[in-house]
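Down below is the structure, laid out as structure tokens.
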Amino acid sequence: MYSNEDRQLAKKILEFSCELEKGQNVMLQLVGLNGIGLLRALVEHAREMEVNPYVQIEDTEIRRMLVETGDKKFWKGQAENDQLPLMKKMDAFVGVRAALNIYEQADVSKKANKAYADHFVDPVHYKERVNNTNWVVLRYPSEAFAMNAKMPTQRFREFYYKACLLDYTELAEAMEPLQARLEETDMIRLEGEGTDIEFSVKDQTWIPCFGKRNIPDGELFSSPILSSVNGHITYAPSVYQGKPFEYVKLEVRDGVVIDSDSSNNEALEDILDTDAGARQFGEFSFGLNPVIEEPMYDILFDEKIYGSNHLTLGNDYEIAPNGNESNIHWDLVCIGADVYLDGEKIREGREFIVDDLKSLNPENLLSG
């Protein structure tokens, strides 16, 4: 019916991440049929908790067909007549992303993506689900997923569950000294191969992430002061809107991208031209999951790579705002840059080098 690992994962999601209580409502959304085992485990555990599951199963090819053909009127109807009224009744949301082909939407036009984002994703997810439910989103392992990670299937499954079932309570404790430092910081600088960029985070809000919204988890994020970002940055491989990028390089002046280069410049320019906010930055984060070592073309994993940072193009989060508004939110990841807080080097490459932060290094977090 489902594996023991999926049983453990379902329990962690519903009890720890969503913090569900008897009689509450949870939407269980499966996108891609590959994750049916985990969905079964979630439904069974929800009923054991006397929680009310509302189950949605979406085929990824059907979703692609709808996104390709949907316009403003179509998506407003989908949101207002179906998804938004239901989401408003939910106490929690679990989104299992189980697509076998991460490039399924690669050929969807910019216009179609914008209609979907503006009139469905924004009202249903960004405005309602993100702000008014205990939500968690995760991927599900597959042979295709293992291939992107460049691992044999069985080793990838072992890696996947180790990353997802991390002791997040221990990670949360280890994050506290870093959060305390960042809350007193004005300027952050990243310096590494192809990267030399700085920005202010003075008086910004810092949010520790330890299994409450994403699985796997492990990041500490805020947002830069909009006009303060200056320099250049080189990012690791990424996939956005189904389009692959082997690298992305940006040059930034006073918070705005003024020049760029990538392995897919036509697609990059389309993304940067989405709106004014797409050329500015809505988030900055430290990746802190000690199990995740290398990029695997999946941002829910890649943004948590230990020894990484993501300086995100596009929309900010209301919980840690800087005023940037955009229809994109692209978590591009920079791995292994030295990190300076107000001139003090706290991380050399991927290793924290100051005593109060060394507990975040993998050899300490995974020692138990």
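Annotations
- Of the numbered criteria (1) in a helix (DSSP H, G or I); (2) out of contact with any Leu (no Cβ under 8 Å at 6 or more places or on another chain), the one residue 151 fails is (1).
- Within the range 177-195, the set of residues being within 21 Å of the chain's Cα centre (by Cα) and in a helix (DSSP H, G or I) comprises 178, 179, 182.
- Residue pairs meeting the criteria (Cβ under 8 Å; at least 6 apart or on separate chains; first of a type in the set (Lys, Arg) and modelled with pLDDT under 95, in the range 304-316; second crowded, with 24+ Cβ neighbours inside 10 Å and not in a loop (DSSP other than H, G, I, E, B)): none
For (1) closer than 21 Å to residue 86 by Cβ; (2) free of Cβ contacts under 8 Å to residues at least 12 places away in the same chain; (3) surrounded by 17 or more Cβ atoms within 10 Å (Cβ to Cβ); (4) under 21 Å from the mean Cα position of the chain (by Cα), each residue gets a yes or a no:
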{"residue": "7", "(1), (2), (3), (4)": "no, no, yes, no"}
{"residue": "14", "(1), (2), (3), (4)": "yes, no, yes, yes"}
{"residue": "21", "(1), (2), (3), (4)": "yes, no, no, no"}
{"residue": "32", "(1), (2), (3), (4)": "yes, no, yes, yes"}
{"residue": "41", "(1), (2), (3), (4)": "no, no, yes, no"}
{"residue": "44", "(1), (2), (3), (4)": "no, no, no, no"}
{"residue": "47", "(1), (2), (3), (4)": "yes, yes, no, no"}
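- Residue match in the range 104-115 (condition: touching a strand residue (DSSP E or B) at 6+ places or on another chain (Cβ under 8 Å) and surrounded by fewer than 15 Cβ atoms within 10 Å (Cβ to Cβ)): yes
This table checks each residue for (1) touching a Gly at 6+ places or on another chain (Cβ under 7 Å); (2) crowded, with 18+ Cβ neighbours inside 10 Å; (3) assigned by TED's automatic domain parsing to the domain that holds residue 109.
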position: 250; (1), (2), (3): no, yes, no
position: 254; (1), (2), (3): no, no, no
position: 268; (1), (2), (3): no, yes, no
position: 278; (1), (2), (3): yes, yes, no
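- Residue in the range 240-247 that is under 16 Å from residue 106 (Cβ atoms), among the polar types (S, T, N, Q) and surrounded by fewer than 22 Cβ atoms within 10 Å (Cβ to Cβ) present: yes
- Residue 102 farther than 30 Å from residue 15 by Cα and aliphatic (A, V, I, L, M): no
- Of all residues making up the range 128-147, the number that are under 17 Å from the mean Cα position of the chain (by Cα), in a helix (DSSP H, G or I) and surrounded by 15 or more Cβ atoms within 10 Å (Cβ to Cβ): 3
- Any hit, the range 124-139, residues being under 20 Å from residue 243 (Cα atoms), touching a Lys or Arg at 6+ places or on another chain (Cβ under 9 Å) and free of Cβ contacts under 8 Å to residues at least 12 places away in the same chain: no
- Taken over the range 173-191, the criterion of being surrounded by fewer than 18 Cβ atoms within 10 Å (Cβ to Cβ) and of a type in the set (Gly, Ala, Ser) is satisfied by 180 alone.
- Hits in the range 45-101 (condition: out of contact with any Leu (no Cβ under 7 Å at 6 or more places or on another chain) and among the aliphatic types (A, V, I, L, M)): 62, 65, 66, 67, 79, 84, 86, 87, 90, 99, 100
- The single condition among (1) closer than 16 Å to residue 236 by Cβ; (2) part of a loop (DSSP other than H, G, I, E, B) that residue 324 does not meet is (1).
- Meets criteria (assigned by TED's automatic domain parsing to the domain that holds residue 359, at pLDDT below 95 and basic (Lys, Arg)) for residue 213: yes
The values are calculated or read from the model by the stated rules, or taken from the named source; none is laboratory data. What you are looking at is a predicted structure, and each value in this text was computed from that prediction instead of being measured. We place every Cβ from the backbone using ideal geometry, glycine too, and count neighbours over all the protein chains shown.
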